Amino acid sequence: MVLEAVLLVRVHEKVPGKLYVIGEYNVLKSGHGAIVAPVNLFLQGTFVANHKTTIIEDGVAYPYQTLLENGCPHQLKNTVTTITFFNEYLALKNIPLQQFEYTIENNLISDEQVKFGLGSSAASVVLTLKLLNRLYRTNLSPLVLFKMAVLIQRELNALTSGGDLACTIFDMPLYYVRYDLNWLLNEKRTFELLEVAWPLLEIKLLTKLPTFLVGWTKETITPDTNGTIDSAFFKKANKLVHHYLVTYDDIYIKQYQNLLDKLGLTRQGMITPRLEALVKTARSLGVAAKISGAGYGDCGIAQINDQSVVEPLTNLWENEGIIVLDIWRKDNE
């Protein structure tokens, strides 16, 4: 057994960024769904056995214990909280701790250190969990890792809908329905929740999606979180997500963007000038396009049913200062 504990001296993992195909905002409501897809840009990490646990990011080494005692930089908060959470789980299972050097390589931001908006916060939790799961050979299933990731977000007081976590963990396109948020917030239990069914939660893996062209606006605006979302939005949005799930007809992409446009009237800056141009130029070619995610910059997507539109659409986007990212995952990747 002692031999087995030191066998894994180096562990490497990579987890993808994600894009919302349809269902953003809708999936904030318990029992409502979205379709999310992984992309070919990754957050990567490596554990190497060491005499003390250290996190290395951008060439700077941060001893884990020092971060715990003195607080940590904002960009490492997710990572440190995840390691601490997993250590508590290991203590419950009477598994001895190992020390490691953790090197993180982030390709989910541009060379100018601007985020693409592909879910790097969720990815940092998932990457660390996947590495720990392999290091300790705990053989936790993707569903248990998902629950862990949500519970870590709860601890951080930074709950997302969970669609980003699910997509990054399963590393496949999926239809995700949010768990009962009120149930989770009222739950006093933590690790026991890994063993039970979560009300309303549904994760359905999708083997095939249409092809999308991804445009990055290079805009990043702080989200306006003051606006409320009325029940009429949720009702219409959920219906469109369901229709799209069974047909992949781009009419529902167009209609969903129309809904988001209306929502944007109550949220300052949600539909930025370049996001508006991204949708408008695509429509001028008869192509369905929408923002992907919360808006406020980042990325938009266009459903490509005919490859002949890719070149003219790329040119139109580039004229508007929108950069095409070749990150959409093909069926065989």
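The values are calculated or read from the model by the stated rules, or taken from the named source; none is laboratory data. Since we're looking at a predicted model, the values are computed, not measured. As a convention, Cβ positions derive from the backbone with ideal geometry for all residues, glycine included, and neighbour counts pool all protein chains shown.
Data table
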| quantity | calculated |
| --- | --- |
| Subset of region 206-228 [loosely packed, with under 13 Cβ neighbours inside 10 Å and either of a type in the set (D, E, K, R) or within 20 Å of the chain's Cα centre (by Cα) (or both)] | Thr207, Lys208, Thr222, Thr225 |
| Ser231 of a type in the set (Gly, Ala, Ser), crowded, with 20+ Cβ neighbours inside 10 Å and either over 30 Å from Arg10 (Cα atoms) or under 19 Å from the mean Cα position of the chain (by Cα) (or both) | no |
| Test for Leu184: is it at pLDDT 95 or above and either surrounded by fewer than 18 Cβ atoms within 10 Å (Cβ to Cβ) or not assigned by TED's automatic domain parsing to the domain that holds Cys299 (or both) | yes |
| Test set (1) on the phi < 0 side of the Ramachandran plot; (2) buried (at least 17 other Cβ atoms within 10 Å of the Cβ) - Thr247 fails condition number | (2) |
| Among (1) at pLDDT 95 or above; (2) surrounded by fewer than 18 Cβ atoms within 10 Å (Cβ to Cβ); (3) of a type in the set (S, T, N, Q) - the single one Thr81 does not satisfy | (2) |
| Filter result for the condition that a residue is out of contact with any His (no Cβ under 8 Å at 6 or more places or on another chain) and at pLDDT 95 or above, over Asn70, Asn87, Asn50 | Asn87 |
| Within region 33-57, considering residues that are among the polar types (S, T, N, Q) and part of a strand (DSSP E or B), the one surrounded by the fewest Cβ atoms within 10 Å (Cβ to Cβ) | Asn40 |
| Filter result for Ala277 (assigned by TED's automatic domain parsing to the domain that holds Tyr248, touching a residue at least 12 places away in the same chain (Cβ under 8 Å) and in contact with an Asp or Glu (Cβ under 7 Å, 6 or more places away or on another chain)) | yes |
| Within region 146-159, considering residues that are in a loop (DSSP other than H, G, I, E, B) and out of contact with any Ser or Thr (no Cβ under 8 Å at 6 or more places or on another chain), the one farthest from Ser121 (Cα to Cα) | Asn157 |
| Subset of region 91-145 [over 30 Å from Ile301 (Cα atoms), in contact with a helix residue (DSSP H, G or I) (Cβ under 9 Å, 6 or more places away or on another chain) and assigned to a loop (DSSP other than H, G, I, E, B)] | Ile95, Pro96, Leu97, Gln98, Gln99, Tyr136, Arg137, Thr138, Asn139, Leu140 |
| Residue tally, condition at pLDDT 95 or above and either more than 17 Å from Ala34 (Cβ to Cβ) or of a type in the set (A, V, I, L, M, F, W, C) (or both), over region 275-298 | 16 |
